[in-house]
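The next block holds one structure in the form of structure tokens; read it before the comments.
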Amino acid sequence: MTDDAPASDRIAGAPHPRDTPQLFGQDAAQADFLDAFNAGRLHSGWLITGPRGVGKATLAWKIATFLLATPSGQDDGLFGAPPPPETLAIDPDHPDARLVHSGSHPGLLAIRRMVNEKTGALQADITREALDPLKNFFHMSATDGGHRVVIVDAADEMNRNAANAILKELEEPPANTTLLLIAHQPSRLLPTIRSRCRELRCAPLSPADLAAALAQADLQTDQSEALTTLSGGSAGDAIRLLSHDGLPLYAELVDLLTGLPDVNRPKLLKLADSCTGRNADTRFALTLDLLDHFLSRAARAGLMGEPATQAAPGEARLLTRIAPDDRAARGWAALQQDLSSRARHGRAVNLDPAALILDMVFAIEKTARDHAAP
């Protein structure tokens, strides 16, 4: 992969997970892995789960570096076994850590979505072709007798053929090998893959951990409440929002929808037009995600009442008005599922962005007419 090619395992505006100095908010997952390692119960397959952007990939790369740089407790050496490690941290100047950082460690293989050579865009899935290096990797790296680590980011993006190939490795794992499968939606994985892995669950970040993660990425905001609310404890989402003006875009959406069940047509057309053009792909994708987030917030408000925090001025009042009860909550939840499917299909078939945005907002208008309080 060239330096300027898109990367499916990196968030724009943030360092690659292998280069992230510190992992925040996932002490429990790190402790679970160290307990297994120190007890000599190191599974060949680990499933690292949790919401997108909370540090799963960073955890996987830290585990990989740790395994490649740390001898097992059975390697007693001349002076006996070393004390059991209490942290995954490895000195950046350690030879194995430097090789991992440079992307050239012979004992580490990262599998991710490939770039379509014809279009230059990332493929929608991890295909069987992306796993072709596995055979040579296991054969070549076995000669040095060291540990071997495979990271799949993200495993729930594998198509059926790729999933079956990984399942075969989990069923008959090569000696001294660890497979780290990152999954945003583990329910999409084959049950047989899940059953052969030990799970490490990563949780959403607390406001303090989110602030620390953003500071590490040299990002800050004076809208901490809005950012925490909109990101849902995901540092990845927070970085994306700050890097691509997501907070003002969400405020624009809330302003547009404030008049529900009627939407200001000139503002709607302006929003739709802003998502078209060669350089508008990022804004279009972010607009779809933020509309999905708004619908999720509406459904939650119908069940739980007015939200305690809001992601844009006037949002809490708007959500309470359009989702006054359980019946409205069900309506907004059903609409979210429907529009999410429409958005995925529209992007897959390259539907005109403006047309897709208009279609989604018109559907929001209809649902508001059915459920909003008078």
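The values are calculated or read from the model by the stated rules, or taken from the named source; none is laboratory data. Predicted model, so just to flag it, every value in this text is computed and none were measured. Cβ sites come from the backbone with ideal geometry, for glycine too, and all protein chains shown count toward neighbours. Quick note on the areas: whole protein, heavy atoms, side chains included, nothing else; ligands and nucleic acids left out. Shrake-Rupley method; radii C 1.70, N 1.55, O 1.52, S 1.80 Å.
Scanning region 26-55 for residues that are outside any loop (DSSP other than H, G, I, E, B), over 19 Å from the mean Cα position of the chain (by Cα) and among the polar types (S, T, N, Q) turns up just one, Asn38. Looking only at residues of region 303-315 that are open to solvent by 10 Å² or more (accessible area, probe 1.4 Å) and outside any loop (DSSP other than H, G, I, E, B), we find that the one that is farthest from Ala368 (Cα to Cα) is Met304.
Pairs meeting the criteria (first residue in region 18-31 and loosely packed, with under 14 Cβ neighbours inside 10 Å, second residue of a type in the set (Gly, Ala, Ser) and assigned to a helix (DSSP H, G or I), beta carbons under 9 Å, at least 6 apart or on different chains) are Gln22/Ala212; Gln22/Ala213. For region 271-288, which residues satisfy the criterion of being β-branched (Val, Ile, Thr) and in contact with a Pro (Cβ under 8 Å, 6 or more places away or on another chain)? Hit for region 271-288 is Thr276, nothing else.
Taking the conditions exactly as written (acidic (Asp, Glu) and touching a helix residue (DSSP H, G or I) at 6+ places or on another chain (Cβ under 6 Å)), does Asp156 satisfy them or not? Yes; evaluated as a whole, the condition is true for this residue. Between Pro313, Pro324, Pro374, the distinction of being more than 26 Å from the chain's Cα centre (by Cα) and without any contact (Cβ under 8 Å) to a residue 24 or more places away in the chain belongs to Pro374 only. Residues in region 352-374 that are outside any helix (DSSP H, G or I) and in contact with a Lys or Arg (Cβ under 9 Å, 6 or more places away or on another chain): 2 in all. Among the residues here, Glu199 does not qualify as among the acidic types (Asp, Glu), at pLDDT below 95 and under 26 Å from Asp35 (Cα atoms). Can you tell me which condition Ile111 does not meet? The list is (1) open to solvent by 20 Å² or more (accessible area, probe 1.4 Å); (2) modelled with pLDDT of 95 or more, and all the others hold. Going through the list (1) open to solvent by 20 Å² or more (accessible area, probe 1.4 Å); (2) modelled with pLDDT of 95 or more, Ile111 breaks only (1). Restricting attention to region 223-279, the residues that are polar (S, T, N, Q) and farther than 30 Å from Asp209 by Cα add up to 5. Among the residues making up region 90-101, those that are open to solvent by 30 Å² or more (accessible area, probe 1.4 Å) and either part of a helix (DSSP H, G or I) or free of Cβ contacts under 8 Å to residues at least 12 places away in the same chain (or both) are Asp91, Pro92, Asp93, Pro95, Asp96, Arg98, Leu99, His101. Counting the residues of region 85-136 that are more than 20 Å from Thr178 (Cα to Cα) and β-branched (Val, Ile, Thr) gives 3. Note on region 123-159: residues that are outside any helix (DSSP H, G or I), open to solvent by 50 Å² or more (accessible area, probe 1.4 Å) and on the phi < 0 side of the Ramachandran plot amount to 3. Residues of region 327-354 that are open to solvent by 20 Å² or more (accessible area, probe 1.4 Å) and without any contact (Cβ under 8 Å) to a residue 24 or more places away in the chain: Ala334, Gln337, Ser341, Arg342, Arg344, His345, Val349, Asn350, Leu351.
The one condition from (1) within 18 Å of His16 (Cβ to Cβ); (2) under 20 Å from the mean Cα position of the chain (by Cα); (3) surrounded by fewer than 15 Cβ atoms within 10 Å (Cβ to Cβ) that Ser104 does not meet is (2). Polar (S, T, N, Q) and under 13 Å from Ala311 (Cα atoms): does that describe Gln223? When the stated conditions are applied, Gln223 passes them.
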